[in-house]
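Okay, structure first, notes after.
The values are calculated or read from the model by the stated rules, or taken from the named source; none is laboratory data. Note that the coordinates shown come from a computational prediction; the quantities given were computed from them, not determined experimentally. Glycine also receives a Cβ, built like all others from the backbone with ideal geometry; neighbour counts cover every protein chain displayed.
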Amino acid sequence: MAYLSPASKKAIANLRAFASPPTNYYKCPLTRRAAVLILLFADRKGDLRVVLTIRSAGLRNYAGQAALPGGKADTLQETPFMTARREAFEEIGLGMNNSELPAGYELEHLAELPANLAMTELGLRPCVAYLKTPLPSERNRDPDAARDLLPKLDAKEVAAVFTAPFYNFLREKDLDPEARKTVPGEWYKGSWHSWHETAWRMHQFFVPVYKYTVFHADHKPRSARTTDERPPETTGANMPVASGKSKTLPGKPSQSSLQPPLPRSFYSIAGDALAQPRYRVFGMTARILVDAARVAYGEEPEFEHNSHFGDEEMMDRLLKIGRLSPKKKEGEILTRDVMMEAAKAKI
């Protein structure tokens with residue numbers, strides 16, 4: 001199989017050994033179950049990269065946003081990994097089993113992380129998998145996981161698929177000096193906000209993209225730009241203003257650093273999402289990647305973050321007061337009163 005750096009080997013071993021605590025995912029009704037796939041593979045240097053998508057502009061929810069392949073469960077018998085694998089097949093064409101992958105490629109299910117509570121009140125289970133790349137052969141003299149597997153996209157759901165350096169989700173700046181030098185913009189911006197009456201760290205990562213790390217749904221390479229060209233500066237709503245870093249311990253923001261909930265405009269993408277020199281990865285997707293990298297590399301990030309993994313306790317409390325029911329009522333949101341009631345529920 002492809003070369004793995006010592007750090008990548010250790011990361012894969014840590015993920016294999018990770019024992020996820022009991023989950024509330026299986027207590028959720030079918031309509032509240034979803035899963036995403038954190039698909040890792042090694043680049044030519046042996047470093048791990050993760051696969052992400054840009055959602056199609058025509059989708060009703062989260063159009064133009066970066067996301068992990070994933071979606072809702074189809075049946076109660078479907079495990080989170082089965083859901084994530086099926087959705088990856090539908091969205092990016094990843095084979096449902098190893099026999100459907102190109103010769104020499106294998107997919108290994110490494111771990112499942114604690115469930116997260118999505119803004120839409122779904123219980124979302126992140127599943128981590130490692131795509132093993134074959135050694136060079138007569139048939140494929142230069143195996144490249146991104147090139148060989150990713151350009152098979154469902155244009156109705158996915159506008160593009162791109163890859164990002166996995167370890168970089170623990171760092172405040174681009175680890176690649178070439179990216180720092182040639183691609184405008186910062187790698188990371190973060191701020192504390194109030195969400196469900198708790199402190200929520202909003203991570204924003206801006207992944208530099210190159211013609212060999214992004215594939216469009218029309219299978220054409222990224223237009224007109226090469227790694228040597230400097231793309232135009234991006235301004236306005238696409239690049240949120242950075243907030244100052246508070247001098248508090250991770251997971252414990254001071255009252256002065258806690259900002260109000262983010263406006264709806266923050267979640268929208270102005271202009272062509274695919275024309276940016278960096279693709280913005282934020283919100284729950286960013287938090288999941290940070291937590292996965294924490295497990296893999298056994299390190300805490302350089303920036304402040306929510307110290308707990310997932311939202312298992314919050315989901316448990318909400319389930320105990322009758323929330324997360326099979327059918328969401330019109331106008332039903334998690335208000336302060338609901339969260340205060342849930343806080344009193346015994347676990």
**Q.** Failed criterion for Pro21 (all others in (1) touching a residue at least 60 places away in the same chain (Cβ under 8 Å); (2) surrounded by 16 or more Cβ atoms within 10 Å (Cβ to Cβ); (3) assigned to a loop (DSSP other than H, G, I, E, B) hold)
**A.** (2)
Q: Return the only residue of Glu108, Glu100 being among the acidic types (Asp, Glu) and at pLDDT below 95.
A: Glu100
Q) Can you name the residue in the stretch 294-324 that is in contact with a helix residue (DSSP H, G or I) (Cβ under 8 Å, 6 or more places away or on another chain) and small (Gly, Ala, Ser) and is also nearest to Met202 (Cα to Cα) among such residues? A) Gly310
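Yes/no per residue for (1) crowded, with 20+ Cβ neighbours inside 10 Å; (2) over 21 Å from Ala111 (Cβ atoms); (3) in contact (Cβ under 8 Å) with a residue 24 or more places away in the chain:
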{"residue": "Gly283", "(1), (2), (3)": "yes, yes, yes"}
{"residue": "Asp291", "(1), (2), (3)": "yes, no, yes"}
{"residue": "Ala296", "(1), (2), (3)": "yes, no, yes"}
{"residue": "Glu300", "(1), (2), (3)": "no, no, yes"}
{"residue": "His308", "(1), (2), (3)": "no, no, yes"}
{"residue": "Glu313", "(1), (2), (3)": "no, no, yes"}
{"residue": "Gly331", "(1), (2), (3)": "no, yes, no"}
{"residue": "Ala343", "(1), (2), (3)": "no, yes, yes"}
Q.
Looking at Glu178, Glu186, Glu197 in this structure, which one is modelled with pLDDT under 95, of a type outside the set (Lys, Arg), surrounded by fewer than 21 Cβ atoms within 10 Å (Cβ to Cβ) and farther than 30 Å from Leu318 by Cα?
A. Glu178
(Q) I'm trying to understand the selection: among the residues of the stretch 289-347, which are assigned to a loop (DSSP other than H, G, I, E, B) and of a type in the set (Val, Ile, Thr)? (A) Ile321, Ile333, Thr335, Ile347
Q: Return only the number of the condition from (1) under 26 Å from the mean Cα position of the chain (by Cα); (2) modelled with pLDDT of 90 or more that Lys320 does not satisfy.
A: (1)
Q) outside any strand (DSSP E or B), β-branched (Val, Ile, Thr) and more than 29 Å from Ala103 (Cα to Cα): does that describe Thr75? A) yes
Q) Within the stretch 114-123, which residues are assigned to a strand (DSSP E or B) and touching a Phe, Trp or Tyr at 6+ places or on another chain (Cβ under 7 Å)? A) Gly123
Q | Answer residue from the stretch 65-82, given it is under 16 Å from the mean Cα position of the chain (by Cα) and crowded, with 23+ Cβ neighbours inside 10 Å and is nearest to Phe166 (Cα to Cα) among those | A | Leu68
Q. How many residues are part of a helix (DSSP H, G or I) and under 16 Å from the mean Cα position of the chain (by Cα) when one looks only at the stretch 84-113?
A. 6
